[in-house]
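Chemist: What follows is a single structure, and I will ask about it in a moment.
No value in this document is a laboratory result; all are computed from the given coordinates. Note that the structure is a prediction, hence the values are computed from the model and not measured. Neighbour counts are summed over all protein chains in view; Cβ atoms, including those assigned to glycine, are modelled from backbone coordinates with ideal geometry.
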Amino acid sequence: MGSGGVTNRGVEIVYERSLRMKGKPNSRSDRYKNGKRVQSRWYDKDGNAERNRDYEHQDSNHTHFFPHDHDWNWDDGIGHRGKDQLNPDYENYF
């Protein structure tokens, strides 16, 4: 399934430094580093980033638990990833 329980339209595998803010509608992108998945991003029906899942990353200024999710906000027409760490929503984002 894709975001919000919509049938997934595919998973893109990415080896770049970051994932795009816009993608194929109702799809997911997975970012890999050194052969290990480090991040997933789900896109909504319009192709806007909707949810991230971080499996690992380095950030010496914060305490993180892994995996954790982040929501995206597009209220102003520009995408912003939420700073709050959320428990993974495995029911709607997998």
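Chemist: For the ranges 38-47, 67-76, 12-21, what's the packing order if you count other beta-carbon atoms within 10 Å of each residue, average per peptide, and put the highest first?
Modeler: Working: 38-47: 19.4, 67-76: 14.2, 12-21: 12.5.
Per-residue Cβ counts within 10 Å, averaged per peptide and sorted highest first, yield 38-47, 67-76, 12-21.
Chemist: A further question on this structure: Taking 0.36 nm per residue of sequence separation and subtracting the Cα-Cα distance, how much length would be gained by fully extending the chain between MET21 and HIS68, in nm to one decimal?
Modeler: Here the answer is 15.1 nm.
Chemist: Note down the net charge around MET21, summing +1 for each Lys or Arg and -1 for each Asp or Glu among other residues with Cβ under 10 Å from its Cβ. Provide the component values of the computation, followed by the final result.
Modeler: Values: positive: ARG20, LYS22, ARG41, ARG81; negative: none.
That works out to +4.
Chemist: Once you list every other residue whose beta carbon is under 14 Å from the beta carbon of TYR32, what net charge do they have if Lys and Arg are +1 and Asp and Glu are -1?
Modeler: Computed value for this residue: +3.
Chemist: Can you spot the aspartates and glutamates whose alpha carbon is less than 13 Å from LYS33's alpha carbon? Ignore those fewer than 8 places along the same chain.
Modeler: Those aspartates and glutamates meeting the cut-off are GLU16, ASP54, GLU56.
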